[in-house]
Amino acid sequence: MIRNLSLLAILFSGAVCAAPNSWEKFQSPLERTPEPIGSYANGCLIGAEALSAKGKGYQVVRLNRKRNYGHPNLVDFLEDLGKKVKKENLGLMLVADMAMPRGGPFTKGHTSHQTGLDADIWLPLNYKNVDSLKGNLQSVSMVDKKAFVVNKRVWTDKQAQMIKLAADDKRVARIFVHPAIKKALCEKKWSSRKWLSKIRPWWKHDSHFHVRLKCPAGAVECKPQSPPPAGDGCGADLAAWYPENQPDKPAVKKPRPKRILPATCQALLKEAAISALKD
Ligand SMILES: [Zn+2]
C-alpha cells in the first residue's frame, strides 16, 4: 500500500524526477549570521530568511516548492518592491522561485538561484489572489516568439513600469528578460535610460523576469559578477539576440558542467550529515 502511494506521489509530481540532491532535502535554513557563499551558479546560503506567503502588494506562488528563501537583503528587496508596485497601482506582484532553505544547486531547472540573491517575478499583474490556484500554476508568456515582439494582448505599460521599479533599486545588479522584452523596453521613451543597462537579454524569460542582487557589503565569500557594460544595451548587444543573427543550427545542448562547490558549502554538507547521524 505504502509503495503504491509513493508511486502515485511520483506520478503526480511530474513523473521522471531525478533523485533530489542533499541541498534539495534541507527543510530549514542554517541559523547563523546570513552570508551568501560562492557565486550565483555555484554556491550556497547561510542564515536564509523566508519571504512571507503574502505581503503588501505581493504574493508568493507555488509555496509548496519551498523556494521562498533568500538572503535577508533579497527578502527586504521583494517586500519593498511589492509596496512600490501597490503604490503605483500596477496590480498584484507574484513572486516565484528564490532559493532553497540553504541555497545550493538544483538537480534540474535553475542553474543559478544558489546563493539567495536571485528571484523570479512573474510578469502577469492581473491576478487578484492566487490562494485558490495551488499546485502547478503556470505564468503567461508575454512574447510572440515567431514575430519576436511582445504580445500586446498581455504586455502592458504596467510590466515595463514594474521592471523599471526593480532596476532602479541600488541593491539590484542585473535583471534578465527575454530579448523581445528588452526590445520593447528599449523602444519606449524614458526620461532616463541609465537603468536599461541592468536589463540583460536571456532566453526563456518571457513569462517572468529574474532579479539578481549584488553581493551584500562585507560578505567576503560572496563572488560578485562584473557589472553590466555601460550604455543602455539597446544597440548591437541586443541585435545579436535577434533570430536573423542567430546561427542556422541550434547549438548542441551541452550537459551541465560539473562544478566543485566552495569549500565552505562542502563543509556545511558534512556538518549536516554528521548532526543527522547524531539525531
Ligand atoms: Zn530565475
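Points 7 angstrom from Cα along the Cβ direction at Asn245 and Lys128: gap in nanometres?
About 4.4 nm separates the two model spin labels.
For Lys223, give me every one of the lysines with a C-alpha distance below 21 angstrom, ignoring sequence neighbours fewer than eight places off in its own chain.
Correct list for Lys223: Lys170, Lys198, Lys214, Lys258.
Show me, for segment 188-202, the HN-Hα J-couplings you get by feeding each phi into the Karplus relation (A = 6.51, B = -1.76, C = 1.60, θ = phi - 60°), rounded to Hz, glycine and proline as x.
Each residue's phi maps through the Karplus curve to give 7, 7, 10, 5, 10, 10, 4, 4, 4, 5, 6, 7, 10, x, 7 Hz.
Once Lys and Arg get +1 and Asp and Glu get -1 on their Cβ, which of Ala147, Met98, Ala240 lies farthest toward the positive end of the dipole of the chain?
Ala147
So, taking all protein chains as they sit and a 1.4 Å probe, how much accessible area belongs to Glu271, in Å² rounded to tens?
80 Å²
Hey, can you find the accessible area per residue of the chain for me, probe 1.4 Å, expressed in square angstrom?
Values: 15780 Å² over 279 residues.
On a per-residue basis, the chain sits at 57 Å².
Using protein chains only and a probe of 1.4 angstrom, how many square angstrom of Arg171 are accessible, to the nearest 10?
Looks like 70 Å² after rounding.
Classify segment 139-224 as rounded, prolate or oblate from the Cα gyration tensor: take a ≥ b ≥ c as the square roots of its eigenvalues, call it rounded if a/c is under 1.5, otherwise prolate when a/b beats b/c and oblate if not. Spell out each step's value before the answer.
Numbers: a/c = 2.52, a/b = 1.74, b/c = 1.45.
Because a/c hits 1.5 or more and a/b exceeds b/c, segment 139-224 counts as prolate.
At q = 0.07, 0.19 Å⁻¹, what base-10 log of I(q)/I(0) does the Debye formula yield for segment 34-244 when every alpha carbon is treated as an equal point scatterer in vacuo?
-0.19, -1.50
Let me check I've understood the local charge: for Pro262, count other residues with C-beta under 9 angstrom from its C-beta, Lys and Arg +1, Asp and Glu -1. What total comes out?
With Lys, Arg at +1 and Asp, Glu at -1, the net is 0.
For segment 34-244, what relative contact order do you get, as a whole percent, if you take Cα pairs closer than 8 Å and at least 6 residues apart? Mind dumping the intermediate values first?
Working: 447 pairs, mean separation 44.9, N = 211.
Relative contact order here is 21 percent.
Between Ala236, Ala267, Ala48, where does the largest GNM mean-square fluctuation fall for the chain, given springs only between Cα atoms within less than 10 Å?
Greatest mean-square fluctuation among the candidates belongs to Ala236.
Search the structure for amide H atoms under 5 Å from the amide H of Ile46, placed 1.01 Å from N in the peptide plane, and list their residues when 5 or more places away or on another chain.
Glu35, Ile37
Per the helix-only calculation at 222 nm, which mean residue ellipticity applies to the chain, given -39500 (n - 2.57) for every DSSP H run of n ≥ 4 and division by its residues, nearest 500 deg cm²/dmol? The partial results should precede the final answer.
Values: 7 runs with 71 residues, N = 279.
After summing the helix terms and dividing by residue count, I get -7500 deg cm²/dmol.
Which residue, Ser207, Ser22, Ser39, tops the fluctuation ranking in a GNM of the chain built on C-alpha contacts under 10 Å?
Greatest mean-square fluctuation among the candidates belongs to Ser22.
Looking at segment 34-244, send over the antiparallel percent of its DSSP beta bridges, to the nearest 5.
On the way: 22 of 29 bridges.
In segment 34-244, approximately 75 percent of DSSP beta bridges are antiparallel ones.
Around Ile199, which amide H atoms from residues at least 5 apart in sequence, or from another chain, sit under 5 Å from its own amide H, with H modelled in the peptide plane?
Residues meeting the criterion, in which the H sits 1.01 Å from N, are Ile175.
Suppose R0 equals 35 Å. What FRET efficiency, 1/(1 + (r/R0)^6) with r the Cβ-Cβ distance, do Ala230 and Ser52 give to the nearest 0.05?
Numbers: r = 37 Å, r/R0 = 1.07.
The calculated FRET efficiency here is 0.40.
Summarise the accessible area of the chain (1.4 Å probe, protein heavy atoms) by the percent that is carbon and sulfur. It would help to have the intermediate numbers written out before the result.
Working: 8920 of 15780 Å².
Within the chain, the accessible surface is 57 percent carbon and sulfur.
Using a 1.4 Å probe, how large is the accessible area of Asp80, given in Å² and rounded to the nearest 10?
Approximately 50 Å² of Asp80 is accessible to the 1.4 Å probe.
Give, as a single signed number, the net charge of other residues whose beta carbon lies under 10 Å from the beta carbon of Asp144, with Lys and Arg counted +1 and Asp and Glu -1. Let's see the in-between values first.
On the way: positive: Lys145, Lys146, Lys152, Arg153; negative: Asp206.
Neighbourhood net charge equals +3.
Starting at the first residue of segment 137-151, write each ³J(HN,Hα) from the Karplus equation 6.51 cos²θ - 1.76 cosθ + 1.60 with θ = phi - 60°, in whole Hz, x for Gly and Pro.
Each residue of segment 137-151 in turn: 5, 10, 7, 10, 6, 9, 10, 8, 5, 5, 7, 6, 9, 6, 8 Hz.
How much net charge surrounds Tyr69 when only the other residues with a Cβ under 13 Å from the Cβ of Tyr69 are counted, with Lys and Arg +1 and Asp and Glu -1? Can you show the working numbers first?
Numbers: positive: Arg65, Lys66, Arg67, Arg102; negative: Glu24, Glu31, Glu49, Asp97, Asp118.
So the environment of Tyr69 carries a net charge of -1.
The values are calculated or read from the model by the stated rules, or taken from the named source; none is laboratory data. Bear in mind that the values here come from a model prediction, so they are computed numbers and not experimental data. Here the Cβ is made from the backbone with ideal geometry for all residues, glycine too, and neighbour counts use every protein chain on show. In case anyone asks, the SASA skips ligands and DNA or RNA and just uses the protein heavy atoms, side chains included. Shrake-Rupley method; radii C 1.70, N 1.55, O 1.52, S 1.80 Å.
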